[in-house]
Amino acid sequence: MRRYALLPCNGLDKAAGPLTRELALSLMAAGAGEIICPVLSRRAPARYAKLASELPVFAIDGCATRCASRLAGDLRWKVERRLQIAEEAKAAAIALEDSLIPGPVGLALCQKLATTLLADEEAKAPAPAAGGTEADFTTPVEYASFTHDKFLFRVPKEGYFFNENDCWVRVSGNRARVGISDYMQQNLSDLLFCTPAEVGTKIEQFGEAATLESTKAVYELVSPVSGKVVAVNTEAVDNPEIVNQDPYERGWIVELELSDFASERDLLLDGEQYLNLVKKKVAEFRP
Amino acid sequence: MSETTFMGVPREQIPWAPTIDYSKCSFCMECDKFCPHQVFERREGEVKLVVAHPTNCVVFCRACSKTCGPDALSFPDKQETFKIIKSLREKAEAQP
């Protein structure tokens, strides 16, 4: 079994905080790793530097404030796995007890999460391969660009379509790759986490295809097209900085099997239209 | 100035903006600090934050809710909003 450096937020502000501790303890007891004390690591980071470099860091957050993830980011620890208790409770339609003392519902959720995580680790097959079967996304891309102050913004001239949420789609046959534009990656700045929808998920047009988190913001990738996720870019998950470096090619996020591109296309912009929109956005941008 | 249209539809006709659940909001202001579009506005008094400029909100963007620890921000249903946009576009196209 893969072992982790388990970093719970161990918060005492909301009910989900203390549950991160319970989950981390359950995982540790099952042999899934060692715990990093978030308080001590803030006070004396050297205490856990070795552990965080030897084992992959697993950040366990209570709520959307994501104190554990942010702490890891502050300490420059690379987080390889993350979980948020409030999100998990919501997904499972569970109402946690409104108490800082873990109650039966919260503890049962932790137990269930620990069991699932451990089973998942046991069964972990190699990550889904990037790239589709019959699709070809290797055609060289020609870019148009414009500059504003010291910033250069690129947009592919052909073969890509965009929504007004700064996400693109590149189509090949009945497959499509989806990602974020150069303008958006510069807006977000250095990406720390890329969490795509899981393979097999059905996404509606303008539904959420991924969550991207940078040093500045959390961003929802709004899918320009509908379809079923058939692959995710594991390279972008492992090294989100490639989305900053090459947002239109290597930095794709998910690959979809299209469901109705012919009609959805009417709601999207082509490269030239999107370039004009970016120019407008840049002109109006107020940091 | 914010964009005046989204997908060719006047922005003010699209009902997309966050709603604050004041029973959960702790007024930590994380959402306001995060949002670059001045959707929120801080106030004096008991209610310290309001959605003052809903049409500044980027349609389909829910990023501020992901910064909200107490989970106090909600948004309209995306697919419902999408249907409204589509029907407004069809209406506009049908006009001479």
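A short reminder: the numbers here are calculations on the coordinates, not readings from a lab. Since the structure is predicted, the reported quantities are computational estimates derived from the model, not experimental observations. Note: ideal-geometry Cβ built from the backbone for every residue, glycine included; neighbour counts use all protein chains shown.
Take every Cα pair under 8 Å whose residues are at least 6 apart in sequence, average their separation, divide by the length of region A:14-163, and the relative contact order is 24 percent. For chain B, the Cβ-based charge dipole about the Cα centre amounts to some 180 debye (Lys, Arg positive; Asp, Glu negative; other atoms uncharged). Rounded to the nearest 20, the Cβ-based charge dipole of the protein assembly as shown about its Cα centre (Lys and Arg +1, Asp and Glu -1) stands at 920 debye. For the segment A:212-220, counting C-beta atoms of other chains within 10 Å of every residue's C-beta and taking the mean gives 3. For region B:42-96, the list of trypsin sites (Lys or Arg not before Pro) that fall in a loop by DSSP and count at most 16 other C-beta atoms within 10 angstrom reads B:Arg43, B:Lys48. Among A:Tyr219, A:Tyr48, B:Tyr22, the ranking by other beta carbons within 10 Å of each residue's beta carbon, starting with the fewest, stands as B:Tyr22, A:Tyr48, A:Tyr219.
Pairs of Cα atoms nearer than 8 Å and 6+ residues apart set the relative contact order; for chain B it is 36 percent.
Ranking of A:Val141, A:Val243 by neighbouring Cβ atoms within 10 Å, starting from the fewest: A:Val141, A:Val243. Restriction of the GluC sites (Glu not before Pro) in region A:168-264 to DSSP coil positions whose beta-carbon has at most 12 other beta-carbons within 10 angstrom yields A:Glu198. Within chain A, which whole H helices from DSSP have a Cα span along their axis of at least 24 Å and a mean Kyte-Doolittle hydropathy of 0.0 or more, if any? Correct list, ordered by number: A:104-123. Look at the stretch B:56-69: the mean tally of other chain Cβ atoms within 10 Å of its residues' Cβ atoms is 5.
Fewest-first ordering of A:Val225, A:Val218 by other beta carbons within 10 Å of each residue's beta carbon gives A:Val218, A:Val225. Remark: mean inter-chain Cβ contacts per residue of B:7-19 equal 1, using a 10 Å Cβ-Cβ cutoff to other protein chain atoms.
Beta-bridge orientation, chain A: approximately 75 percent antiparallel, per DSSP, counting only bridges with both partners inside.
Could you state the number of Å between the C-alpha centres of region A:204-226 and region B:70-96? About 18 Å separates the Cα centre of region B:70-96 from the one of region A:204-226. Based on C-alpha pairs under 8 angstrom that are at least 6 apart in sequence, chain A has a relative contact order of 14 percent. Taking trypsin sites (Lys or Arg not before Pro) across region A:180-287, the ones in a DSSP loop with at most 16 further Cβ atoms lying within 10 angstrom of their Cβ are A:Lys216, A:Arg250. The slack in the chain from A:Gln186 to A:Lys157, taken as 0.36 nm per residue of separation less the alpha-carbon distance, amounts to 8.5 nm.
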